[in-house]
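Before any comments, here is the structure.
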Amino acid sequence: MDALRKTATRESIAKDVKSMWRYANVLPNVEPVTLGEGMTPMLPSRKIKNVWIKDEGVNPTGAFKARGLCLAVSMAKQYGLKKLAIPSAGNAGGALAAYAAAAGIEAHIFMPKDVPLANQLECKACGAHVTLVDGLISDCGRMVGERKEKEGWFDVSTLKEPFRIEGKKTMGLEIAEQMDWKLPDAVFYPTGGGVGLIGMWKAFEEMEALGWVKGSKRPKMIAVQADGCAPIPKAFDEGKSASEMWKDAHTSAAGLRVPKAYGDYIVLDIVRKSKGTAIAVSDEEIMQALGEWAKDEGLFASPEGAASLAAYKKLRASGFLSADDKCVLFNTGSGYKYIDVIAEAMGIATENSNSDALPAKRNIGGIIGPY
C-alpha cells in the first residue's frame, strides 16, 4: 500500500476502459483474459427513493461471477496452469467455462444435477468437462478435493486462491466511483460463498488507505440468504463466529443454496464490524420481489438478486433502515439464466421443461402473476 499511494490515484483510473480493468492500478499486474466484465450499471430505483440497483446481470455469462473468474483465469494463464477445477452452484461454473475457453485452459466443473438448465448448457457449450452431482455444492467441493491431486487440477474454489477476491473487489470500487466517491449507508448482497461481500470490504479498506474516499464511513453490509438455507443469518442471530452446516438446504435461488460457506467466519466478522446484519427471506418473498422489479423497474433479475429487494423491504419495515438511508441492492445475475425456475414459479409450463434440471423447492406457483 505504501508504494501504491504514490501511483494509484483516482486520477490514474483508466476511464476510457469500460470494464473492471479501468482499475488496473489496484489489481494484480497481468495481461487480462477479458470478455468485457464489470463497469455494470448503477440504476436509481424508479419506485423507492435513495435505493440504487447494481445490475450484475449484464456481465459476461450473465452474473457477477465473471469478475472473479476473469482474474483467476488470467492469473492461471500467466502461471502456466493447464487444468482448472471448481465446484459450483451454477454461475461460477459457467464463468470458469467461458474464461477458460478464452484462455485455452481445460475446465472441470462439478455442479448439483438440479442447477438451472442454463448453467449446465453454458458450461458444456464452452467445452468444459461437466460432472453433475446428486447433492449440493458442498458435495461437489468434496469431490474436487478428492480428485484434484491425481488429476492434476488446480482448485479455483472459493477462497482457495487469492484472485477471485481481487476481481470481486471491483464491485466496491465501482460503487464508490458511480456514487461520486461517497459510499452508501448500506449494501445488500445475496450471499452464497460470500466472496463478493469480502471483496467489497477489501476495496473499501484499500480506498480509505489510498485516499480515494474521504469523510465517508463504510456502509452497513447486509448478507442476504434464503430461509431454506440460512446458515449465516442463524450464526449471526446466535452470536457465533462461524456457521454450522445447514441440513436439508433448499431454495429456488440456486446460488444461495450453500449449506456452509468456506469463508463464513470472514463474512460474519465483516457484517458485525460494519454494524450490518444477516437476514433470511422466503422463496415466496424472493419471487414476489422478482416480479416487482420486473414490473416496476423493467429489470428481469435472478432470484438471488431479487432476495436483496425482499431483504430491503423487511429491514425498512423493522426500522433497521430509514427512508433517508442510501442503499445499494445487488442483482447478482440475469433472470434469463433461470427461465426454467421462474417459469415454474409463475405456473407456466414449458414444452421442453426437464424436471430433473429444476431445483427442489416449495410450491410457489402463481406468486408473481398475473401476466
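Go ahead and estimate [θ] at 222 nm for the chain from helices alone: -39,500 (n - 2.57) per DSSP H run with n ≥ 4, summed, over the residue count, rounded to 500.
Working: 13 runs with 143 residues, N = 371.
When only DSSP H runs of four or more count, the value is -11500 deg cm²/dmol.
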message: Tell me the per residue accessible area of the stretch 1-65 using a 1.4 Å probe; a whole number in Å² is fine.
response: 53
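If you average 1/r across every pair of different Cα atoms in the chain and take the reciprocal, what Kirkwood value do you get, in Å?
Roughly 20.5 Å, rounded to one decimal.
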- line: With the 8 Å Cα cutoff and a minimum separation of six or more residues, the chain has a relative contact order in percent of 18
Cβ-based charge dipole, the stretch 1-92, positive-most Cα from Asn25, Asn59, Leu81: Asn59
- prompt: Which Cα, out of Gly255, Gly333, Ala3, lies furthest along the positive dipole direction of the chain (beta carbon charges, K/R +1, D/E -1)?
  reply: Ala3
task: Enumerate the amide H contacts of Ser274 below 5 Å, restricted to partners 5 or more residues apart or on another chain; note that Pro and chain-start residues carry no placed amide H.
output: Met221
field: q = 0.14, 0.21, 0.28 Å⁻¹, the stretch 1-53: log10 I(q)/I(0) [Debye, one scatterer per Cα]
entry: -0.53, -0.84, -1.08
Mean Cβ neighbour count within 10 Å, used as a protection proxy, ranking 329-340, 16-27 highest first: 329-340, 16-27
- prompt: Which semi-axis lengths, in whole Å and largest first, follow from the square roots of five times the eigenvalues of the Cα gyration tensor of the stretch 147-226?
  reply: 29, 15, 8
message: Computing the accessible area with a 1.4 Å probe over protein heavy atoms, can you report the carbon and sulfur percentage for the stretch 5-93?
response: 52
statement: In nanometres, the difference between 0.36 nm per residue of separation and the alpha-carbon distance of Asn29 and Lys202 is 60.5 nm
- request: Quick one: dipole size for the stretch 21-128, taken about the Cα centre, charges +1 on Lys/Arg Cβ and -1 on Asp/Glu Cβ, in debye to the nearest 20.
  value: 280
message: Just to confirm, what accessible area per residue do you get for the stretch 159-298 at 1.4 Å probe, in whole Å²?
response: 34
- line: Comparing Ala209, Ala76, Ala103 in a Gaussian network model of the chain (Cα, 10 Å), the one with the largest mean-square fluctuation is Ala209
message: Ranking request for peptides 162-168, 341-347: highest mean number of other beta-carbon atoms within 10 Å first, then the rest in descending order.
response: 162-168, 341-347
task: Work out, in µm²/s and without decimals, the Stokes-Einstein translational diffusion coefficient of the stretch 12-159 at 37 °C, 0.692 mPa s, Rh from Kirkwood over C-alpha pairs.
output: 203
field: Student exercise, the chain dipole from Lys, Arg, Asp, Glu Cβ charges, in Debye to nearest 20
entry: 880
field: Gaussian network model of the chain, Cα within-10 Å springs - most flexible of Asn119, Asn59, Asn50
entry: Asn50
Residues with amide H under 5 Å from that of Phe330, placed H, sequence gap 5 or more: Lys54, Phe188
- prompt: Farthest toward the dipole's positive end in the chain, which of Phe163, Pro116, Ser282, given Cβ charges of +1 (Lys, Arg) and -1 (Asp, Glu) about the Cα centre?
  reply: Phe163
- request: May I ask you to give the solvent-accessible area per residue for the stretch 70-126, in square angstrom, as obtained with a 1.4 angstrom probe?
  value: 30
field: the stretch 139-185 - charge dipole about Cα centre, Lys and Arg +1 at Cβ, Asp and Glu -1, debye rounded to 20
entry: 200
- request: With a point put 7 Å past each Cα toward its Cβ, work out how far Met179 is from Arg142 in nm, to one decimal.
  value: 4.1
message: Rounded to the nearest 10 Å², what accessible area does Met1 have for a 1.4 Å probe in the complete protein model?
response: 90
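The values are calculated or read from the model by the stated rules, or taken from the named source; none is laboratory data. Keep in mind that what you see is a predicted model, and the values were worked out from it rather than measured. In this analysis, Cβ positions are derived from the backbone assuming ideal geometry, glycine residues included, and neighbour counts consider all displayed protein chains. Protein only, heavy atoms only, side chains kept; ligands, DNA and RNA dropped before computing areas. Shrake-Rupley method; radii C 1.70, N 1.55, O 1.52, S 1.80 Å.
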